[in-house]
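Comments concern the structure below.
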Amino acid sequence: MFRELLNKITKRQLVIGGIILGVVVVSGIVAFAVAYHKREALLASTIARIQSTLTDEHQIDLTIGRAYFSGLTTVTLEDVKAIPQGKDQLAGVKSIAVSVKLFPLITGDVRFGRLRVHDARIQLVKRDSIGNYDFLFREADTTATYTSELTGDTEEGNLNMANTANRMLNNILYKIPEDMELRNLLLTYRDDSIQQRISIPKADIDNGSLTSAVFLNDNEAAWQVSGKLNPGRRQLYVKVHANGQQIALPLLEQKLGLKLSFDTIETRLREVYWTNNEFLHIKGEWAVKNLTVNHWRIAQEDVILPDAHVDAEIIVGDSEVELSKESTITVKKLQIHPFIRYTAFPDTTYAIALETPEMDAQDLFDAFPDGLFESLEGIRVSGKIQYKLETFLDTSNPDSVQFSSKMEQEGFNVNAWGKANIPKINTTFVYTPYEEGKPVREIIVGPENPNFIPLAEISPNLKNAILTTEDPSFFSHNGFVEEAIRSSIAINYKEKAFRRGGSTISMQLVKNVFLNRNKTIVRKLEEILIVWLMESTHAVSKERMYEVYLNIIEWGRNVYGISEASRYYFGKHPSQLSLGESIYLASIVPRPKTGLYSFAYDGSLKSYISPYFSYIGNIMARRGLAPADSSTSYGFYTVRLREALRPERPAVDTLQLQMPATDFDAELEEVRGLLDRIFSKDKKQEENPEDPQ
């Protein structure tokens with residue numbers, strides 16, 4: 001076939017082709033000659049541009065003792081120093097020899113071929129909270145003009161995220177040499193209390209193969225680094241290990257209180273490519289063995305992850321970046337497919353999703369790292385489960401937030417409860433409340449305790465008031481209320497702080513009975529898991545859960561359970577509580593230690609709390625949980641605090657004069673917070689009244 005093609009080519013076509021090829025070759029030779037002749041000028045221009053950029057944008061003075069071509073394409077720099085203005089020297093190198101690719105240098109793009117570095121030192125110094133590396137953490141100028149590398153389009157103030165990510169990736173990859181000889185690199189960190197040293201006597205890249213040894217604090221630890229680097233094809237693989245020993249990062253522990261160590265860590269950049277000249281795809285992997293983490297905000301004990309693998313795809317577009325649904329996190333037999341998308345334009349939005357394939361339920365619990373969920377250790381389950389979570393937040397309209405969470409199960413059953421013996425709630429057990437991390441006293445929850453009150457003997461007014469304020473759909477939900485979670489997300493975003501958690505009575509019960517009082521990140525996850533186990537297996541009836549809840553929650557300083565509360569405030573048995581007394585007790589559940597602040601010297605309630613009674617009473621009346629009150633006071637004026645607890649009579653019998661304006665404002669704000677909290681729970685349930693009994 002090739003011979004037939006040659007036979008079809010005429011002599012004239014061969015002549016024209018030869019002329020074109022000759023022109024191309026001659027042009028290439030001329031271009032090379034011009035570039036070679038002007039290479040010193042190009043080098044000086046490039047260095048001057050880098051020096052100017054560092055000075056103008058980062059206030060760093062870059063000095064080079066000598067810069068010259070020591071070969072056809074090899075640049076040698078001697079006595080290089082980078083000194084932030086007015087601060088300690090950041091970096092210094094005695095000698096650098098770099099083989100650069102000549103034609104990219106013509107356009108000002110520096111790409112390394114071979115690199116030799118001798119006697120380099122990088123020192124990070126922080127004095128009185130000011131560091132010589134602070135420029136690394138300054139915010140970029142988002143109002144700058146960015147030019148699209150693909151189309152040449154320029155948009156004022158609109159950053160093309162895909163092109164920016166591509167530039168950043170290229171800037172990193174193109175600075176990785178094909179061959180490298182590094183000798184005597186020292187990296188130090190020093191502040192007012194800590195000093196760390198990392199030394200690399202030798203590091204080599206030979207035809208893309210990386211080998212190196214890293215020493216911490218003069219042989220305190222030795223790490224081995226190896227890998228395969230192919231930056232031209234945008235592929236990297238790096239492995240760090242310590243010959244079977246743990247690799248620790250003591251600087252993190254000393255600065256942040258975070259203990260972090262591992263046996264082996266591997267990372268791979270597998271593939272980078274464009275689709276439709278619009279989306280940049282970055283695919284890679286990350287794996288770790290025997291990862292150990294300890295921080296008081298995470299968990300009280302070491303969290304040990306024997307083996308984990310992440311296969312991730314990041315897709316970057318013009319104004320959005322996402323972690324693709326094709327990404328997979330693998331821990332033992334558990335597989336999780338996460339999805340995250342951030343969109344910056346025209347409105348900032350966040351989308352988060354999580355999905356697992358159908359799996360054996362035991363695989364979920366077996367995958368939990370040691371030390372993460374202490375109460376779930378030893379649990380044995382059977383059946384199949386599959387989990388799906390989706391949430392979406394448009395920051396221009398936070399109230400429209402979407403949230404969905406679903407655990408599908410088939411034949412799920414708990415065969416052994418382990419440490420979290422949920423069925424113990426069905427029998428008499430001992431509850432220990434805590435104050436500031438210390439146990440207060442032991443409370444027997446059961447008929448053996450004279451203060452224990454069965455649910456049937458508690459006033460319907462109190463039961464209905466607590467349900468209205470804390471969890472209106474308690475008797476119908478499965479432990480979680482998606483509407484409450486949606487409302488919490490919206491409010492927390494608008495407040496730019498964590499103001500509301502969307503806890504149900506089930507969640508509050510689990511938190512009190514099964515979990516310690518350490519405020520860690522994993523405790524909330526543990527709470528969610530135990531609630532799901534309790535509700536999905538029907539190990540405890542709703543009535544029993546509510547009964548235990550009312551008998552253990554705090555109602556004041558060292559006041560626990562409704563029996564103690566009703567006697568403490570009103571000298572009554574819980575069955576005798578009026579509507580007004582019940583609404584009052586419901587109002588102090590979120591802040592039980594502030595309960596007495598609402599009362600005046602004569603035992604009556606202060607007027608600022610009356611709108612709360614009107615609001616809650618009207619909700620209860622609409623749901624048929626309380627008789628309608630035309631005055632909308634709903635027992636407010638009948639509430640009287642037990643005489644022994646009343647504050648002293650003021651010298652001037654005028655409450656407004658007695659109460660400083662700041663105190664009144666604070667208490668009024670507290671009531672507004674209570675109303676807002678109740679309104680968020682009630683908003684979507686007006687048309688679905690529940691019968692709490």
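The values are calculated or read from the model by the stated rules, or taken from the named source; none is laboratory data. This structure is a prediction, so every number in the text was calculated from the model and none was measured. Every residue, glycine among them, receives a Cβ derived from its backbone with ideal geometry; neighbour counts consider all protein chains shown. SASA here: full protein model, heavy atoms, side chains in, ligands and nucleic acids out. Shrake-Rupley method; radii C 1.70, N 1.55, O 1.52, S 1.80 Å.
How would the stretch 183-235 be classified by its alpha-carbon gyration tensor: rounded, prolate or oblate, with rounded meaning a/c under 1.5 and the a/b versus b/c comparison settling the rest? Prolate, because a/c is 1.5 or more and a/b exceeds b/c. What shape does the stretch 230-319 have by the C-alpha gyration tensor, where a ≥ b ≥ c are the square roots of the eigenvalues, rounded means a/c under 1.5, and otherwise prolate means a/b greater than b/c and oblate the rest? It is prolate, given that a/c is not under 1.5 and a/b is the larger ratio. Along the positive direction of the dipole of the stretch 236-364 (beta-carbon charges: Lys, Arg +1; Asp, Glu -1; about the Cα centre), which of Val316, Met359, Leu291 reaches farthest? About the Cα centre, the residue reaching furthest to the positive side is Leu291.
Averaging Cα coordinates gives a centre for the stretch 299-330 and one for the stretch 374-413; these two points are 18 Å apart.
Take the convex hull of the alpha carbons in the stretch 334-377; its mean projected area over all directions comes to 4.5 nm².
About its Cα centre, the dipole of the stretch 308-381 is roughly 100 debye, where the only charges are +1 on Lys and Arg Cβ and -1 on Asp and Glu Cβ. Computed extension gain for Met168 through Leu354, at 0.36 nm per residue and net of the alpha carbon distance, reaches 64.1 nm. Remark: C-alpha extents of the stretch 465-571 on the principal axes read 43, 35, 28 Å, sorted largest to smallest.
Computed from the C-beta positions of Glu448 and Ser575, the FRET efficiency with R₀ = 22 Å rounds to 0.65.
Quick one, what does Rg over Rh come out to for the stretch 545-610 if you take C-alpha atoms and the Kirkwood Rh? That ratio equals 0.95. Of the cross-linked pairs Lys283/Lys419; Lys259/Lys438; Lys325/Lys419; Lys424/Lys463; Lys81/Lys175, those separated by over 30 Å at the C-alpha level are Lys283/Lys419; Lys325/Lys419.
Over all pairs of different C-alpha atoms in the stretch 343-402, the reciprocal of the mean inverse distance, the Kirkwood hydrodynamic radius, equals 14.5 Å. Between Glu436 and Asp191, the simple label model (points 7 Å from Cα in the Cβ direction) yields a spacing of 2.8 nm.
In this simple spin-label model, placing a label point 7 Å from the Cα along the Cα-to-Cβ direction at both Ser630 and Gln59 gives a separation of 7.4 nm. State whether the stretch 353-470 is rounded, prolate or oblate according to the following rule on the C-alpha gyration tensor (a ≥ b ≥ c being the square roots of its eigenvalues): a/c under 1.5 gives rounded; otherwise a/b larger than b/c gives prolate, and the remaining case gives oblate. Here the stretch 353-470 falls in the oblate category.
When only alpha carbons are used to place a centre, the stretch 42-102 and the stretch 601-651 end up 76 Å from one another. Each Lys and Arg contributes +1 and each Asp and Glu -1, all at the Cβ; summed about the Cα centre of the stretch 530-657, the dipole is approximately 60 debye.
The accessible surface of the stretch 265-398, taken with every protein chain in place and a 1.4 Å probe, is 52 percent carbon and sulfur. Work from the charge dipole of the stretch 512-635 (Cβ charges, +1 for Lys and Arg, -1 for Asp and Glu, about the Cα centre) and give the residue of Thr632, Ile562, Ser607 farthest towards its positive end. It is Ser607, whose Cα lies furthest towards the positive end.
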